[in-house]
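Input: a single structure, listed below in structure tokens.
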Amino acid sequence: MGLDETYAAAILDLGLPQMQGLDVLKRWRASDRKLPVLILSARGTWAEKVDGLNAGADDYITKPFHVPEVAARLKALIRRASGIASPVLTHGGISLDTTSNRVCQNGESIELTARELKMLTYFMHRIGRIVSQAELVDHLYALEDSRESNTIEVYISRLRRKLGADVITTVRGLGYRMD
């Protein structure tokens with residue numbers, strides 16, 4: 001469960017139907033999965049929180065919860081896992097404030113659509129790494145059904161038009177890379 005996929009982070013409920021959440025977490029850690037894990041559970045005693053954190057969780061939130069808090073904690077976990085402490089990502093004259101979703105290039109504001117912003121954020125967390133087209137599709141569309149075959153190329157083209165042709169390079173047969 002969750003051993004083959006690549007995710008930036010996971011939100012884990014302890015009360016899963018087929019296997020206990022702590023067992024899933026222990027399996028992930030035993031197989032050297034390093035992704036940040038946020039436990040979101042109705043189980044909220046101090047002992048249960050300690051068990052979850054000792055099993056390898058990076059954070060623990062009890063229900064009821066506020067979605068903005070969960071989102072903020074998840075973003076912080078992803079930043080730390082990427083080696084980034086600040087909510088502002090910078091690379092090659094591009095700065096992206098993940099709190100306000102504002103993008104600037106050499107101090108000038110750049111307007112991006114929601115999907116362009118999501119794609120740029122994904123690349124900026126993976127500077128120098130090749131990102132496959134399938135990985136981008138999974139990240140941009142998650143559970144949505146409508147995925148056109150050329151949408152990734154369209155968004156890459158738009159980002160290149162807005163940020164510069166050399167910002168994202170195509171690695172033939174493998175995917176794309178932001179250097």
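The values are calculated or read from the model by the stated rules, or taken from the named source; none is laboratory data. Note that the coordinates shown come from a computational prediction; the quantities given were computed from them, not determined experimentally. Here Cβ is always computed from backbone atoms with ideal geometry, including for glycine, and neighbour counts include all displayed protein chains.
Within the range 52-63, which residues are farther than 14 Å from Ile11 by Cβ and in a helix (DSSP H, G or I)?
Of everything in the range 52-63, those that are farther than 14 Å from Ile11 by Cβ and in a helix (DSSP H, G or I) turn out to be Leu53, Asn54.
Scan the range 1-53 for residues that are among the polar types (S, T, N, Q) and more than 24 Å from Ser82 (Cβ to Cβ) and jot them down.
Across the range 1-53, the qualifying residues are Gln18, Gln20, Ser41, Thr45.
Consider Met119 against the criteria (1) at pLDDT below 90; (2) within 21 Å of Val171 (Cβ to Cβ): it satisfies all of them except one. Which criterion is unmet?
(1)
What tally of residues in the range 61-90 results from selecting those that are surrounded by 12 or more Cβ atoms within 10 Å (Cβ to Cβ), among the polar types (S, T, N, Q) and either at pLDDT 95 or above or under 26 Å from Leu40 (Cβ atoms) (or both)?
2
Of all residues in the range 137-179, which are of a type outside the set (S, T, N, Q) and at pLDDT below 90?
Matches in the range 137-179: Val137, Asp138, His139, Leu140, Tyr141, Ala142, Leu143, Glu144, Asp145, Arg147, Glu148, Asp179.
Between a residue in the range 44-55 that is farther than 15 Å from Val24 by Cβ and any residue that is among the basic types (Lys, Arg), which pairs come within a Cβ distance under 8 Å, given they are 6 or more apart or on different chains?
Gly44/Lys63
Out of (1) surrounded by 18 or more Cβ atoms within 10 Å (Cβ to Cβ); (2) under 26 Å from His125 (Cα atoms); (3) free of Cβ contacts under 8 Å to residues at least 40 places away in the same chain; (4) not polar (S, T, N, Q), the odd one out for Tyr7 is which?
(1)
Under the condition of being β-branched (Val, Ile, Thr) and in contact (Cβ under 8 Å) with a residue 60 or more places away in the chain, which residue from the range 65-94 is farthest from Ile39 (Cα to Cα)? Even if it seems obvious, please write down each step before you answer.
Narrowing the range 65-94 to residues β-branched (Val, Ile, Thr): 67, 70, 78, 84, 88, 90, 94.
Going one step further and asking which of them are in contact (Cβ under 8 Å) with a residue 60 or more places away in the chain, we end up with 78, 94.
Numbers: Ile78: 14, Ile94: 33 Å.
Applying the filter and picking the extreme gives Ile94.
Rundown of residues vs (1) in the same structural domain as Pro64 (by TED's automatic domain parsing); (2) surrounded by fewer than 16 Cβ atoms within 10 Å (Cβ to Cβ); (3) part of a loop (DSSP other than H, G, I, E, B); (4) of a type outside the set (Lys, Arg), yes/no style:
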{"residue": "Asp23", "(1), (2), (3), (4)": "yes, yes, no, yes"}
{"residue": "Lys26", "(1), (2), (3), (4)": "yes, yes, no, no"}
{"residue": "Arg29", "(1), (2), (3), (4)": "yes, yes, no, no"}
{"residue": "Asp32", "(1), (2), (3), (4)": "yes, yes, yes, yes"}
{"residue": "Leu38", "(1), (2), (3), (4)": "yes, no, no, yes"}
{"residue": "Ala47", "(1), (2), (3), (4)": "yes, yes, no, yes"}
{"residue": "Val50", "(1), (2), (3), (4)": "yes, yes, no, yes"}
